[in-house]
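Below is one structure, written out as structure tokens, with a few remarks after it.
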């Protein structure tokens, strides 16, 4: 990187100047105060920023007030042509980097351009003054290292601190034989997990053997089951044998018994046949006995006699029974009739009030013909006619008398009108005339006044009111005044009337008021008086009529009474003919006639009935005697026929029975014969059977049968046992086995079975537990979980290890970098510095080295060692410059900056100066900017770009060379 | 048409532990573990539903010596299901489940045909056409012999020929080489389909006839990222058609999170969540922070990556679908940061200069320690890069903290 041009806008004393620089050595010459240091500071300020205001460094703000700042144009091997411009902005100024390709950058770009160098680092290598060189004696190795690293104290310290921190963090992550660091913990976990996993794997490994064992157990179980089955079969055989043993024994016994019963004979079906025969025999004998008995009975009954001839007579009498009963009934009816008639006669007598035999006789002989009755009715009618006429005449008389009485009373009650009334009625027509006139006058007068008395003043008042309101509202006082005037006019008009006319009118009205109410009353009074006169005349006339009629009626009544007395005398005479004294009521006379007639009838009927009674009684007596003859015993009339009937039926029954017995006897005789034959046949049969069974008695027959039965049963049993025995195939070996032997065998088999059973139980248990176990293993995810956990922990460990690795890498890189610097770069720089120093000092000094304390030593060609501090001022400076140049050379690739020197060679003598210039001339890769105030310096550099700073002020920056 | 349909699956690695998971709560871990089974069940269900003609399992059904009884039981149950659906299955065991193992073997139903240690032929008759399947099972853990030589060349034109081979392409050094073969060798057999296994990355080596690695059915660590499953293959007289069926119960993946404009932690969390939304299924994710500018860098420097991760996990929480953030990493800032000085640069340059051997030497204290060597795998190049990146980040953070 080389500075090509400086453009100062305004900086310290400089303003608007531009300085073109050469690519190698530039000498900026100027007298004191020409502004050399200002330019040097300009470069540094532009590159690294304006110093803070409170900094010890000067800011070189323009005194003239121009634009603070400027440009540094550079040519860089990496970035090409760039322009760095810094102007006033924030404290450090506002920087812009213009790249060749047109891009722009800020502080950051500048930083890259300056290879991350800050001002201090830059100054420690690339910029120095005489003053700075003089501090060289204090420089030691560390200082040099720092300088070499070009990053000041902080950088190294930070790195060392980072290294330490990394070491610490690594320590937290891992230690060779630690327990606490994370990785150690993780590894421990992994180890434990592996152990767990191993256990788990072993557990899982048991799966295959378990499955194998399960299969084997299944096989073993199958074998055992087969064995068990066989045993069971054996047991069955044995138990069968045990069951069969008593059977054989039984067979033997049966056969022994059979041999005893060998010759038993018995007719086939003997018992049934025997019993059937004996049964039939008994039956036949019984029947025979019954027939004999019945015969004797029938014969005994037939011994008794009966009289069948009497039966005929009885039948005749019985045929006439209804006659008898009729007679009896008729007799009873006649008796009842007679009694009824007698009672009726007595009642008639009582009703007629007849007492004593004579009176009765009279009545019974009395004439009660129709003619007599008609006579009586005529008498009665006359009497009735008369009494009716009398009562009518009396009632007529009473009515007329009453009417007459009433008329007279009305006449007297009639009101006589007063004289005053009659007077006023006579006066009335005149007054009425006058009243009509008065009414006419009044009605005329009123019509005239009513017309306009009130309409006009009211209109005026309204007009006045309108005017006043209008006036008040419009404030037209004249209108108000007019309103008031009209109002007064209206008020004055109101009370004004016709007084004279009014006085006569009032008089008329008074008159009308007085008579108008009387007008009605007077008219009513007039009407009333007229009525009274009419009524009086009418009543007086009626009274006369009623009086004459009454007198006529009294005459007629007297006539009628005398006729009635005559009629009553005729009737009394008639009644005496029938034994009745005095006159019964005319109403009952016809009834009397009827009763007498009835009574006479009853008496005749009574006689006829008594005649009949006698006839019937004679009939009955004849019949009783007839019955008595037949029955040959005393009989009563009562219950006659019941007795007769009883006797008849008894007799009839006896005759019938005799007939039946005869028939029965005829039947029984052949039956008896038959039974006797039958009994004989049966007896023959029985004896034949007995003969067949070779016995004589019945008892013996049965015994024979029993024995025969037993024999056949035994034979059957034997056959059955033989059948059973032949059904079960029994090995020959066992055929002869005794019970004891069998039992022993059974026991042996049972023992074997229980052993098998035990074995099986234990195997089944084992199998179940194994199945359970394998099942668990199948479903158990522990193994998988653990594997996964292991993988995870491994990953975690790997992560931690990576973390550790990054830290380790950092620490190692830092360590190696530091080592590199100290062990490789530093000696190189020192060698180069020694080389330069050697040249400068004209081979007087051979080398530069570091003491054990870290301070610098200069070694002479003779090998003597001098601490730097002990060298002469110029030599010291030469050593320092050598070191600086060596440093700059060593970092040329990473930091190809120009070297800026502020007159550091002033103490050099001619020869060393020329050597110095020569050396610089060889360092063509570097750009040098040398500020000096010494003329001879300018002259020494023959091929350098020389710039006269003193001229710049006067020529205002247009200075170039 | 006389076509046949079958399933080609390999490398089930049932119940194999998930590697490289850290900090996962146990129940989530269990969920993770169940995923190989879920994937397998998905496979079986698909086979039954699609009613394929047969199923091929080309090795590594179990995860070697670590095979659990449960895994075998589940596999057996799966086979029973296929048996119930009347679907035959063909198994050739691979290096992880070779025949020489001492583990318990579960009895498989009669629909399962297992190839023995030498290449043999299984014949079946599907839809009026003969199908010949060739394969072998690993006799032991390592079969380095080129088994391909033992496969017969197809000679019956009218039949289908399918080869099952668990192994790797000769010369592919990225995996342990087993039963090596070359594409040319496979094609020379004139089979209609080559069903390969062993490589967990799904790939079709050749189109016609297909030579196929279906990959494993469920990713188990971050390197087995993306959707996993198997192929449903239909062979017709004119060619083959392959349909990939996704079985993964959860996927591993990494996501780039752009940190442009991230100044505050909540913005960063939002950016992360936004990125996570790209995967709409259960997943385990590595987040890579990219586009880190100065502000973002400033933010991330405030605390350690572990803490950021913890914060993020808390925020993502137990939302559905289940998303687990396995790690977060930070890409180097686009522009070299200004914070570090020359000294830091030289320290960083120091690391840059280290060779693998140097690295091993530097880290041997842990990685070659007698006790750790058992648990720690050899660091891969990627891991070394990660370590270096991490170191750079820490160094910067530390220095900026000290400033």
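The values are calculated or read from the model by the stated rules, or taken from the named source; none is laboratory data. Quick caveat: nothing in here was measured; it's all calculated off a predicted structure. Every residue, glycine as well, gets a Cβ built from its backbone with ideal geometry; the counts of neighbours run over all protein chains shown.
Side notes on the structure shown:
- When restricted to residues that are within 9 Å of chain A (Cβ to nearest Cβ) and either touching a strand residue (DSSP E or B) at 6+ places or on another chain (Cβ under 6 Å) or part of a loop (DSSP other than H, G, I, E, B) (or both), segment B:354-374 contains 5.
- Residue within segment A:42-52 that is modelled with pLDDT of 85 or more, part of a strand (DSSP E or B), in contact with a strand residue (DSSP E or B) (Cβ under 9 Å, 6 or more places away or on another chain) and surrounded by 15 or more Cβ atoms within 10 Å (Cβ to Cβ) present: no
- When residue A:716 is tested against (1) surrounded by 13 or more Cβ atoms within 10 Å (Cβ to Cβ); (2) away from chain B (no Cβ under 14 Å); (3) modelled with pLDDT of 85 or more, only condition (1) is not met.
- The residue list A:144, A:148, A:247 contains one member that is in a helix (DSSP H, G or I), crowded, with 19+ Cβ neighbours inside 10 Å, modelled with pLDDT under 80 and away from every other protein chain (no Cβ under 14 Å), which is A:144.
- Scanning segment B:255-275 for residues that are crowded, with 16+ Cβ neighbours inside 10 Å and under 21 Å from the mean Cα position of the chain (by Cα) turns up just one, B:255.
- Of all residues in segment B:13-31 being assigned to a helix (DSSP H, G or I) and out of contact with any strand residue (DSSP E or B) (no Cβ under 8 Å at 6 or more places or on another chain), the one that is surrounded by the fewest Cβ atoms within 10 Å (Cβ to Cβ): B:27
This table checks each residue for (1) part of a helix (DSSP H, G or I); (2) away from every other protein chain (no Cβ under 13 Å).
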site: A:85; (1), (2): no, yes
site: A:100; (1), (2): no, yes
site: A:110; (1), (2): yes, no
site: A:117; (1), (2): no, no
site: A:122; (1), (2): yes, no
site: A:128; (1), (2): no, yes
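- Within segment B:375-403, tally of residues that are part of a loop (DSSP other than H, G, I, E, B), under 24 Å from residue A:793 (Cα atoms) and within 8 Å of chain A (Cβ to nearest Cβ): 4
- Restricting B:34, B:10 to residues that are away from chain A (no Cβ under 11 Å) and either touching a residue at least 40 places away in the same chain (Cβ under 8 Å) or surrounded by fewer than 17 Cβ atoms within 10 Å (Cβ to Cβ) (or both) narrows the list to B:10.
- Only one of A:266, A:274 that is more than 14 Å from chain B (Cβ to nearest Cβ) and not in a helix (DSSP H, G or I): A:266
- Every test in (1) out of contact with any helix residue (DSSP H, G or I) (no Cβ under 9 Å at 6 or more places or on another chain); (2) surrounded by 15 or more Cβ atoms within 10 Å (Cβ to Cβ) is passed by residue A:627 save one, and that test is (1).
- Only one of A:858, A:834, A:813 that is surrounded by 15 or more Cβ atoms within 10 Å (Cβ to Cβ) and at the interface with another protein chain (Cβ under 9 Å from one of its Cβ atoms): A:813
- Only one of B:201, B:205 that is farther than 23 Å from residue B:132 by Cα, free of Cβ contacts under 8 Å to residues at least 40 places away in the same chain, under 18 Å from the mean Cα position of the chain (by Cα) and not assigned by TED's automatic domain parsing to the domain that holds residue B:324: B:201
- Failed item, numbered, when residue B:336 is tested on (1) surrounded by 19 or more Cβ atoms within 10 Å (Cβ to Cβ); (2) modelled with pLDDT under 85; (3) within 9 Å of another protein chain (Cβ to nearest Cβ): (1)
- Of the numbered criteria (1) touching a strand residue (DSSP E or B) at 6+ places or on another chain (Cβ under 7 Å); (2) part of a loop (DSSP other than H, G, I, E, B); (3) surrounded by fewer than 20 Cβ atoms within 10 Å (Cβ to Cβ), the one residue A:904 fails is (3).
- Scanning segment A:165-181 for residues that are exposed (fewer than 14 other Cβ atoms within 10 Å of the Cβ) and away from chain B (no Cβ under 11 Å) yields a total of 3.
- Matching residues, segment B:28-72, being over 23 Å from the mean Cα position of the chain (by Cα) and on the phi < 0 side of the Ramachandran plot: B:48, B:49, B:50, B:52, B:53, B:54
- Some residue of segment A:760-770 being within 14 Å of another protein chain (Cβ to nearest Cβ), within 30 Å of residue B:32 (Cα to Cα) and under 60 Å from the mean Cα position of the chain (by Cα): no
- In segment A:779-809, the residue that is surrounded by the fewest Cβ atoms within 10 Å (Cβ to Cβ) out of those that are without any contact (Cβ under 8 Å) to a residue 12 or more places away in the chain and within 56 Å of the chain's Cα centre (by Cα) is A:779.
- Number of the condition not met by residue A:851 [criteria: (1) over 60 Å from the mean Cα position of the chain (by Cα); (2) over 30 Å from residue B:389 (Cα atoms); (3) crowded, with 17+ Cβ neighbours inside 10 Å]: (3)
- Considering segment A:196-210, and only residues there that are under 28 Å from residue A:757 (Cα atoms) and in contact with a helix residue (DSSP H, G or I) (Cβ under 6 Å, 6 or more places away or on another chain), the residue that is nearest to the other protein chains (Cβ to nearest Cβ) turns out to be A:207.
- Search result, residues across segment B:80-107 that are surrounded by fewer than 18 Cβ atoms within 10 Å (Cβ to Cβ), in a loop (DSSP other than H, G, I, E, B) and more than 14 Å from chain A (Cβ to nearest Cβ): B:85, B:86, B:99, B:100
- Looking only at segment A:779-801, and only at residues there that are touching a helix residue (DSSP H, G or I) at 6+ places or on another chain (Cβ under 7 Å) and over 16 Å from residue B:33 (Cβ atoms), the one that is farthest from the other protein chains (Cβ to nearest Cβ): A:800
- Residue B:140 vs. criteria assigned by TED's automatic domain parsing to the domain that holds residue B:60 and surrounded by 15 or more Cβ atoms within 10 Å (Cβ to Cβ): no
- Residue within segment B:41-60 that is crowded, with 23+ Cβ neighbours inside 10 Å, within 14 Å of chain A (Cβ to nearest Cβ) and at pLDDT 85 or above present: no
- Here residue B:75 meets the list (1) in contact (Cβ under 8 Å) with a residue 60 or more places away in the chain; (2) more than 23 Å from the chain's Cα centre (by Cα); (3) buried (at least 22 other Cβ atoms within 10 Å of the Cβ) almost entirely, failing just condition (2).
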